[in-house]
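Working notes for the structure below.
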Amino acid sequence: MKKIPTIAIVGRPNVGKSALFNCLAARKIAIVHDQPGVTRDRLNAPYRLGSYEGYVVDTGGIGATSEDGFGAQVQREADIAMAAADVILFVCDCRESLTPVDREIAARLHRGKVPVLLVLNKADTEKQELAFGEFSELGFSRYVFTSAAHRRGLDQLSAALDEQLRALGAELRDEGGADEADEDEPDRREDDAVRMAVVGRPNAGKSSLINAILRDERTIVSDIAGTTRDAIDVPYRRGDVSYTLIDTAGMRPRSKRDTSVEVFSAMRSERAIRRADVCLLVVDAATGITHQDRRIAAMVAEEKKPCVVVVNKFDLYFPDSPLKARKEEMNAKVREQLFFLEDAPVVMVSAKEGSGLGAIFGAITRMQKMSRKILGTGELNRILQRAMEINPPGRTRSNARPFKLFYATVAVNEKYKVIPVPTYVLFVNDKRLLTESYAQYLRNCIRERAGVGGIPIVFSPRSRVRRD
């Protein structure tokens, strides 16, 4: 069996590692910014540039001396990535002189046994390639000049990596080359793994929850709000089911986003919601449900995504009270304050203690089963007809026609193949006459009679003229 290798990108801060990572992954995954130290966690994605398959891992800048105190943790994350790599891309900025950090990284790489390819990035013109004389001091025989920002030198990088991967016995790509992914197609997928977007406000415990699930310090955890900046995809297998855990940046209110990096992080989090199959909304039991929690929940509801409300730090919620009473009280609070999430499952966990995690996957499994119980056309029309007989729609204006429902049917969008979210198509006399309050009444009737287990009920009213 051929080996599927891992390619790790390392280097000091702000040399263009994340831009190069996006080129190799053929997707804009990592945030690219002039501010040093933006990347903190290990990011990984399928390698798509050359003729071989593999995984590429982006790491935080080694030797960062950022004031927020993450320098040691970032270096540790990079060390872990290098230890697990089959090929290392050592990225330097060819426009600047060698630094002591560059030399220290080179010395550490020489002490290892992993093949190293020196990538001299930010070579926007051929003139800048004359700077190799100084970088020859690093002692690496294989090197290539690139400009990830302008996609210059990628063919040479691809050829060099192909040569190295061929020596490792890597697996050839079926399509024989890179497949440029479209950033505007969030639902494009290559597997049936359940995508779980872990969302919430800063410091609610999202990264701690993922680490507890993985039993690994895969993402940096800190008491400082805003530690995670990228939306990180982490593969995970539980039993026979594959999952993709998407760790996202904590979303603060727009008025409090004081840097462009934070704005980009929030945009990535919003996109993670759109491409997820199910969202895990993490709330902090110790501080309670806040206005920002409700805003994020509304965002999930607006995207019509199945959701599990994960109440984290439940061990700190009145720990001396009986467990059953604590759960009932917290469940009531969630139902009252996040009422627009309908009957989304509520799970109480403690990421720190590793308790309650199995209930999350139990809730998702039940959602999957319920999502496949699609209502038949006959049953759906009987439910809606009975609902309208019990509570007929009122007139929106004194001289307006009354709202009439001729019939309804169910359609399932192909992009929701993992957890299907059906669309209830309503053929009506005039869709403008269907008020939101009456539509919510009809949704409640479907939910009460049919039971949908937390799956959103999406209406698509269509106006038509009824013919005899």
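The values are calculated or read from the model by the stated rules, or taken from the named source; none is laboratory data. All values reported here derive from a predicted model rather than from experimental measurement. Cβ: placed from backbone, ideal geometry, glycine included. Neighbour counts: every protein chain shown.
Results for (1) within 21 Å of Val300 (Cα to Cα); (2) under 23 Å from the mean Cα position of the chain (by Cα), shown as yes or no for each residue.
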site	(1), (2)
Ala344	yes, yes
Met348	yes, yes
Gly358	no, yes
Arg366	yes, yes
Ile374	no, no
Thr377	no, no
Ile383	no, no
Ala387	no, no
Ile390	no, no
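Of all residues in segment 331-372, exactly one satisfies the criterion of being surrounded by 15 or more Cβ atoms within 10 Å (Cβ to Cβ), in contact with an Asp or Glu (Cβ under 9 Å, 6 or more places away or on another chain) and small (Gly, Ala, Ser), namely Ser350. Inside segment 326-343, residues that are over 15 Å from Asn312 (Cβ atoms), in a helix (DSSP H, G or I) and either among the hydroxyl-bearing types (Ser, Thr, Tyr) or out of contact with any helix residue (DSSP H, G or I) (no Cβ under 6 Å at 6 or more places or on another chain) (or both) make up a count of 7.
Of the residues making up segment 319-358, those that are in contact (Cβ under 8 Å) with a residue 12 or more places away in the chain and over 27 Å from His291 (Cβ atoms) are Glu353, Gly354, Ser355, Leu357.
Can you tell me which residue among Ala301, Ala272, Ala297, Ala286 is in a helix (DSSP H, G or I) and farther than 15 Å from Phe339 by Cβ?
Ala272 is the lone residue from the list that is in a helix (DSSP H, G or I) and farther than 15 Å from Phe339 by Cβ.
I'd like the full set of residues that are surrounded by fewer than 19 Cβ atoms within 10 Å (Cβ to Cβ), within 19 Å of Thr146 (Cα to Cα) and aliphatic (A, V, I, L, M), limited to segment 79-114. Listed by number, the list holds a single entry, Leu98.
Could you grab me the full set of residues in segment 301-317 that are in contact with a strand residue (DSSP E or B) (Cβ under 6 Å, 6 or more places away or on another chain) and either closer than 17 Å to Lys333 by Cα or of a type in the set (A, V, I, L, M) (or both)? If the condition is that a residue be in contact with a strand residue (DSSP E or B) (Cβ under 6 Å, 6 or more places away or on another chain) and either closer than 17 Å to Lys333 by Cα or of a type in the set (A, V, I, L, M) (or both), then Cys307, Val308, Val309, Val310, Val311, Asn312, Lys313, Phe314, Asp315 are the ones that fit. Taken over segment 431-455, residues that are at pLDDT 90 or above, part of a loop (DSSP other than H, G, I, E, B) and not hydrophobic (A, V, I, L, M, F, W, C) amount to 1.
Only strands (runs of 3 or more DSSP E) wholly contained in segment 38-107 count here; list those with 3 or more residues that are in contact with a strand residue (DSSP E or B) (Cβ under 8 Å, 6 or more places away or on another chain), at pLDDT 75 or above and closer than 21 Å to Leu120 by Cα. Lay out the reasoning, then the answer.
Values: elements: 43-46, 55-58, 87-93.
Correct list: 55-58, 87-93.
Among the residues of segment 318-325, not a single one is in the same structural domain as Val300 (by TED's automatic domain parsing), surrounded by 16 or more Cβ atoms within 10 Å (Cβ to Cβ) and not hydrophobic (A, V, I, L, M, F, W, C).
Against the numbered list (1) in the same structural domain as Ala204 (by TED's automatic domain parsing); (2) among the basic types (Lys, Arg); (3) over 19 Å from Ala286 (Cβ atoms), Lys352 comes up short only at (3).
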